[in-house]
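Step one of this worksheet: look at the structure below.
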Amino acid sequence: MAKEITEMPVELVTTELPDTKTLRLKWPDGHNPEFKTGQFITIFWPDTPGYKRAYSLSSCALDRGHYEVTIKREGKMGTRIVDWAKAGDTFGVLPPAGKFLPVLEPEKHLICIAGGSGVTPFRGFVREATRRELATKITVLYSVRTTNDIIFNHEFHDLAAENPNFSFYVTCTRLVPEDPWTGHRGRITADWVREQVHDLPNTVFYACGPNPLVEFAEEIVLKGLGVPKEQMKTEKWG
Ligand SMILES: Cc1cc2nc3c(=O)[nH]c(=O)nc-3n(C[C@H](O)[C@H](O)[C@H](O)COP(=O)(O)OP(=O)(O)OC[C@H]3O[C@@H](n4cnc5c(N)ncnc54)[C@H](O)[C@@H]3O)c2cc1C
């Protein structure tokens with residue numbers, strides 16, 4: 001059966017970084033879908049209905065009335081959206097799908113590995129856990145090139161201040177040595193991930209983003225740390 005398509009206007013465009021924007025897509029009146037934090041929607045421009053692309057929700061299931069997706073200027077669709085999408089445009093939207101879901105149980109620890117724009121669904125994870133005041137621990141390990149590339153930097157720091165169970169760590173891979181950044185430098189390593197683990201059986205690992213990043217995270221977690229496959233969820237963007 002063909003999936004139901006809903007037309008949604010862009011209510012707001014927020015520039016997160018020069019090459020990254022968040023679109024807020026407004027639900028039509030009476031639209032009240034069931035979906036889960038961590039899922040993605042598939043969208044298309046009405047003039048090219050054959051060219052559809054998936055975007056992880058950067059909002060969470062508690063956010064009602066709209067979806068938010070955060071898009072990097074990458075490839076055909078990413079470039080068209082970041083350069084041209086504006087409030088009032090309309091997109092065709094297929095319903096949320098996917099199984100990249102946070103296990104929001106009290107004793108669990110979610111270690112979320114992100115590179116570049118792969119951080120988008122983790123904003124939804126942390127938003128939901130924080131608003132619901134959950135005991136679930138969430139740690140985001142985020143790899144970016146420089147301090148100018150951190151998406152949702154302020155929001156993640158605000159969430160960490162509000163939620164004692166959430167930690168946000170960034171590593172920068174391409175800073176010049178004289179840069180004043182005092183945080184981590186270099187790629188995500190097995191040792192850095194291992195340092196975050198306090199109760200391995202209750203830890204769930206997540207990795208999201210372009211394939212090389214996710215495959216690198218799988219290498220570290222599954223091979224480097226010897227974690228069983230069932231304890232890792234990945235979302236590969238291609
Ligand atoms: C489940 C899912 C969720 C996704 N969520 C997001 C999201 O939240 N934000 C987002 O910006 N993109 C996301 N993407 C990628 C998005 O669907 C598009 O592929 C992207 O916007 C590029 O557009 P295109 O496919 O037309 O590019 P094309 O011109 O077909 O080129 C695609 C090329 O770009 C690479 N690529 C795709 N996306 C990225 C990226 N973000 N960073 C680096 N390289 C990339 C691919 O490896 C490929 O080589 C997601 C993809 C999937 C499958």
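The values are calculated or read from the model by the stated rules, or taken from the named source; none is laboratory data. Since the structure is predicted, the reported quantities are computational estimates derived from the model, not experimental observations. Reconstructed Cβ throughout: ideal geometry from the backbone, glycine too, with neighbour counts over all protein chains shown.
So in the range 189-207, with the set limited to residues that are among the acidic types (Asp, Glu) and in a helix (DSSP H, G or I), which one is farthest from Phe125 (Cα to Cα)? Looking at residues that are among the acidic types (Asp, Glu) and in a helix (DSSP H, G or I), I get Asp191. Search the range 208-238 for residues being away from the ligand (no atom under 15 Å from the Cβ) and assigned to a loop (DSSP other than H, G, I, E, B), and hand back the single one that is nearest to Arg194 (Cα to Cα). Looking at residues that are away from the ligand (no atom under 15 Å from the Cβ) and assigned to a loop (DSSP other than H, G, I, E, B), I get Leu225. Of the residues making up the range 50-73, those that are surrounded by fewer than 16 Cβ atoms within 10 Å (Cβ to Cβ) and either touching a residue at least 60 places away in the same chain (Cβ under 8 Å) or within 6 Å of the ligand (Cβ to nearest atom) (or both) number 1. Selection within the range 112-138: residues that are in contact with a helix residue (DSSP H, G or I) (Cβ under 6 Å, 6 or more places away or on another chain) and surrounded by fewer than 24 Cβ atoms within 10 Å (Cβ to Cβ). The member of this set that is nearest to Gln231 (Cα to Cα) is Thr136. Is it the case that some residue within the range 96-116 is within 14 Å of the ligand (Cβ to nearest atom), at pLDDT below 95 and either in the same structural domain as Glu230 (by TED's automatic domain parsing) or in contact with a strand residue (DSSP E or B) (Cβ under 7 Å, 6 or more places away or on another chain) (or both)? Yes: one or more hits. Test Phe125 against the criterion of being more than 9 Å from the ligand (Cβ to nearest atom), of a type in the set (Phe, Trp, Tyr) and at pLDDT 95 or above, and give yes or no. Against the criterion (more than 9 Å from the ligand (Cβ to nearest atom), of a type in the set (Phe, Trp, Tyr) and at pLDDT 95 or above), Phe125 qualifies. Within the range 74-95, the set of residues being within 11 Å of the ligand (Cβ to nearest atom) and either of a type in the set (A, V, I, L, M, F, W, C) or part of a loop (DSSP other than H, G, I, E, B) (or both) comprises Glu74, Met77, Ile81, Val82. Within the range 36-48, is there a residue that is more than 11 Å from the chain's Cα centre (by Cα), more than 13 Å from the ligand (Cβ to nearest atom) and of a type in the set (Ser, Thr, Tyr)? There is no residue in the range 36-48 that is more than 11 Å from the chain's Cα centre (by Cα), more than 13 Å from the ligand (Cβ to nearest atom) and of a type in the set (Ser, Thr, Tyr).
Filtering the range 205-219 to residues that are touching a residue at least 40 places away in the same chain (Cβ under 8 Å) and buried (at least 19 other Cβ atoms within 10 Å of the Cβ) leaves Phe205, Tyr206, Ala207, Cys208, Gly209, Leu213, Val214, Ala217.
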